[in-house]
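First the structure, in the form of structure tokens, and then the observations on it.
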Number of protein chains: 2
Amino acid sequence: MNLPTPEDVVRAAERIQPWIRRTPTITINGPGARPVTVKLEGLQRSGSFKLRGALNKLMALGPDARGGVITASGGNHGLGVAWAGFLLGVPVHAFVPEGAPAVKVQAIERAGGEVRRVPGAYPEAALAARNYALSSGRPYVHAYDDADVIAGQGTAVRELIEDAPEVRTIVVAVGGGGLAAGAVLAADGRRVIGVEPFGAATMHEALRAGQPVRLAQIESVAADALGAGQAGAITYPVCAAGLDRIELVTDEAIMAARQWLWDQTRQVYEPGGCAAFAALASGLLDGDPGPIGVVLCGANTDPGTLTR
Amino acid sequence: MNLPTPEDVVRAAERIQPWIRRTPTITINGPGARPVTVKLEGLQRSGSFKLRGALNKLMALGPDARGGVITASGGNHGLGVAWAGFLLGVPVHAFVPEGAPAVKVQAIERAGGEVRRVPGAYPEAALAARNYALSSGRPYVHAYDDADVIAGQGTAVRELIEDAPEVRTIVVAVGGGGLAAGAVLAADGRRVIGVEPFGAATMHEALRAGQPVRLAQIESVAADALGAGQAGAITYPVCAAGLDRIELVTDEAIMAARQWLWDQTRQVYEPGGCAAFAALASGLLDGDPGPIGVVLCGANTDPGTLTR
């Protein structure tokens, strides 16, 4: 298998640079007044880091993408691919599970993606998408288990390090492991910690089993972003070799972190985008070397659920 | 009268630096795909730039502030003074009009400010505050017509220029003119444009009359932030001498800009914080030399009014 390398992240950064926003990195006093460096990736086009991997994949495909690409996601990945397609002039067919959040599905359509609703949950949508990709001969863009996608996601951490080289520990949320694997490749020797909700502990279970396993159940307020349910054949070995560890956080900690970010920084993040910050706020990183850098990775959420 | 100078902004920047966040400056494609450089001052402690002027004033007062300070504001200035008092250990009494937004008044209290509600509107609250300041012998912190406050606000524009020296036109919202006057002092030769709602055209009317005049009526979606209603004895001459001009925007343009900022950058700003951006989005700056730098200056708002 072709595992992505740190050099792939460097190449991805050069490749996608014309199309992405270089999102800000800022150091603030976090909960408990401990300084924390946050990468505000909610400011990214499409509202999450997923645009990075999607762009890198479509640009790597080059002429093979011209006839259009297929993906499965009613969430941030679908949005990222739809935006990448819009920017590069590539038609995008997004297969979404019928229960996908309307706000994200509509945003995919606004970005020009052709949405196909599939009865069932994410696995059914993914199966339909793969079948359509095979029958149509168009490339399938996996949400995380793809070397180009992983290298693209790593560029977010690469920028964080460029802007704040003093950071010694990097913390990212884990769904299927695309961002975490990219962080491992970009970290340049720094400690990398993945964070998952207790109810969607995909990489945690994979590390325990020694291989990717399918979660029997996913139950988390961040499930729409971190509910992959199975680590990838590529993301797993990269994370197993390179992550310092996985920390698990409660839904309550995630929502408290989300409220803190609004109260103290006027930033709106979706639950999955706050999971890494929740680990910090919960004191789970108190023993790790600072400064600590946290990627706030997605902001596609209804801000009306934040009050005060 | 002692008018503030560009050197006062430099001194203010040094003085308040330990207490403020250096908020991010980022260049994005704005409406119509024209690049625009935005200073994200909603990320400032207290949720607006007002902390800067308040800190500079309290630090300039030094020992004279130790017994506490008085201010009048149920909005961002009150919040800024309350935060400055919290950070510096100075008791703050904030006189607020009875109709002030609950969200801001509660935030003043959370920051440790002692709130006194005054029947009537802002002028009544300001009168009560001044009387109390006189009778108690404590300093009164004016929301804008104060050389130290103006110099403090100018530090936001100074940072924007440090981070994006290529900016040639600077655009700020105008309420009483504190930020605008600070921008004039910080601009280092660049063009500075002030923006007001049609229904709160305080500086526009002052420039027309050749002196500060009291608006008979204030009616704008941004009134809680930009509704000063009369330019200051200090802010007026600085703005009259240094502003290129005032542009006026409709409430509809302000709310459309607010929605655009959420849709395209996942940033939440209050109406007053979007007024300068609304001028850009309305095409009112199409003839001005770019890059254009816009200060997004306040984010104390109910995010539930943003949908999609």
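When N is the residue count of the range B:151-303, what does its C-alpha Rg come to as a fraction of 2.2 N^0.38 Å?
0.95
Please quote Rg/Rh for the range B:93-192 to two decimal places, taking the Kirkwood radius as Rh and restricting both calculations to Cα atoms. Before the final figure, lay out each step's value.
Working: Rg = 16.7 Å, Rh = 15.4 Å.
The Rg/Rh ratio comes out at 1.08.
Between copies, how far apart are the B:Gln217 label points? List them in nm, one decimal, shortest first, with each point 7 Å from Cα toward Cβ, please?
Its label point is 6.2 nm from the equivalent points in the other copies.
Exactly which trypsin sites (Lys or Arg not before Pro) in the range B:131-209 are in a DSSP loop and have at most 16 other Cβ atoms within 10 Å?
Answer by residue number: B:Arg168.
Rounded to whole Hz and in sequence order, give me ³J(HN,Hα) for the range A:155-165 from the Karplus expression 6.51 cos²θ - 1.76 cosθ + 1.60, θ = phi - 60°, writing x for Gly and Pro.
For the range A:155-165, the Karplus-derived couplings read 5, 5, 6, 4, 5, 4, 5, 4, 7, 9, x Hz, x marking Gly and Pro.
Any idea what the dipole of the range B:51-141 comes to, in debye rounded to 20, about its Cα centre with Lys/Arg Cβ at +1 and Asp/Glu Cβ at -1?
Once rounded to the nearest 20, the dipole reads 140 debye.
If the label for B:Asp286 sits 7 angstrom from Cα along the Cα-to-Cβ line, what are its distances to the same label in every other copy, in nm to one decimal, shortest first?
Copy-to-copy label distances at B:Asp286, shortest first: 5.9 nm.
Per residue of B:43-52, how many C-beta atoms from partner chains lie within 10 Å of its own C-beta, taken as a mean?
So the per-residue partner count for this stretch is 2.
Which one, B:Ala102, B:Gly80, B:Asn131, is farthest towards the positive end of the dipole of the range B:51-141 when Lys and Arg carry +1 and Asp and Glu -1 on their Cβ?
Of the listed residues, the answer is B:Gly80.
By DSSP, what percent of the beta bridges with both residues in the protein assembly as shown are antiparallel, rounded to the nearest 5?
In the protein assembly as shown, DSSP labels about 20 percent of beta bridges as antiparallel.
Filter the GluC sites (Glu not before Pro) in the range B:207-265 down to the DSSP loop ones having no more than 15 other Cβ atoms within 10 Å, then list what survives.
The qualifying sites are B:Glu219.
Where the only charges are on Cβ atoms (+1 Lys, Arg; -1 Asp, Glu), what is the dipole of the protein assembly as shown about its Cα centre, to the nearest 20 debye? Show your work: numbers first, answer last.
Details: 54 positive and 60 negative charges, 32 e Å.
Value, rounded to 20: 160 debye.
Can you list the aspartates and glutamates whose alpha carbon is less than 18 Å from that of B:Lys104, not counting same-chain residues fewer than 8 positions off?
Straight-distance partners of B:Lys104: A:Asp263, B:Glu41, B:Glu114, B:Asp224, B:Glu270, B:Asp302.
With each run of n ≥ 4 DSSP H residues scored as -39500 (n - 2.57), what mean residue ellipticity at 222 nm is computed for chain A after dividing by its residue count and rounding to the nearest 500 deg cm²/dmol? Walk me through the numbers before you get to the answer.
Details: 12 runs with 132 residues, N = 308.
My calculation for chain A gives -13000 deg cm²/dmol from helical runs alone.
Copy-to-copy spacing for A:Gly99, label 7 Å out on the Cα-to-C-beta vector, in nm, shortest first?
Label-point distances to the other copies, shortest first: 4.8 nm.
Does the range A:51-141 come out rounded, prolate or oblate, given a ≥ b ≥ c as the square roots of the eigenvalues of its C-alpha gyration tensor, rounded meaning a/c under 1.5 and, failing that, prolate meaning a/b above b/c?
Oblate, since a/c reaches 1.5 and b/c is not below a/b.
Near the amide H of B:Ile20, under 5 Å away, which other amide H atoms are found, from residues 5 or more places off or on another chain, if H is placed in the peptide plane?
For B:Ile20, whose amide H was placed from the backbone, there are no distant partners under 5 Å.
I need the shape label for the range B:131-239. Rule: rounded when a/c is under 1.5, else prolate if a/b > b/c, else oblate, with a, b, c from the alpha carbon gyration tensor.
Judged from the Cα gyration tensor, the range B:131-239 comes out oblate (a/c at least 1.5, b/c at or above a/b).
Based on other C-beta atoms within 10 Å, arrange A:Cys239, A:Cys274 from fewest to most. Working shown, then result.
Details: A:Cys239 24, A:Cys274 35.
Result, fewest neighbours first: A:Cys239, A:Cys274.
Go through the range A:144-149 residue by residue and turn each phi into a ³J(HN,Hα) via Karplus (6.51, -1.76, 1.60, θ = phi - 60°); whole Hz please, and just put x for glycine and proline.
Running phi through 6.51 cos²θ - 1.76 cosθ + 1.60 with θ = phi - 60° gives 7, 8, 8, 4, 6, 5 Hz.
Of all the C-alpha pairs in the range A:1-120, what % are more than 23 Å from each other? Please list the in-between numbers first.
Working: 2777 of 7140 pairs.
Percent of Cα pairs beyond 23 Å in the range A:1-120: 39.
Set the Förster radius R0 to 56 Å, insert the Cβ-Cβ distance between B:Asp302 and A:Thr5 as r into 1/(1 + (r/R0)^6), and round the FRET efficiency to 0.05.
Efficiency at R0 = 56 Å is approximately 0.75.
Identify the residues of the range A:174-191 with backbone N under 18 Å of a label point that sits 7 angstrom from the Cα of A:Ala209 along the Cα-to-Cβ direction, or state none.
A:174-178
For the protein assembly as shown, what ratio Rg/Rh do Cα atoms give with a Kirkwood hydrodynamic radius?
On the way: Rg = 25.1 Å, Rh = 25.0 Å.
Taking Rh as the inverse mean 1/r over Cα pairs, Rg/Rh reads 1.01.
Whole-Hz Karplus ³J(HN,Hα) for the range A:175-180, in order, using 6.51 cos²θ - 1.76 cosθ + 1.60 and θ = phi - 60°, x for Gly and Pro?
x, x, x, x, 5, 5
Treating only the Cβ of Lys, Arg, Asp and Glu as charged (+1, +1, -1, -1), what charge dipole size does the range B:155-308 show about its Cα centre? Round to the nearest 20 debye.
200 debye
Projected area of chain A, taken from the Cα convex hull and averaged over every viewing direction, in nm²?
If you wrap the Cα atoms of chain A in a convex hull and average its projections, you get 14.1 nm².
If you find the alpha carbon centre of the range A:254-297 and of the range A:78-130, how far apart are they in angstrom?
Centre-to-centre (Cα) distance: 28 Å.
Laboratory data are not the source of any read-out in this text; all were calculated from the coordinates shown. As the structure is a prediction and not an experimental result, all values here were calculated from the model. Using ideal geometry, Cβ is built from the backbone for each residue, glycine included, and neighbour counts are taken over all protein chains shown.
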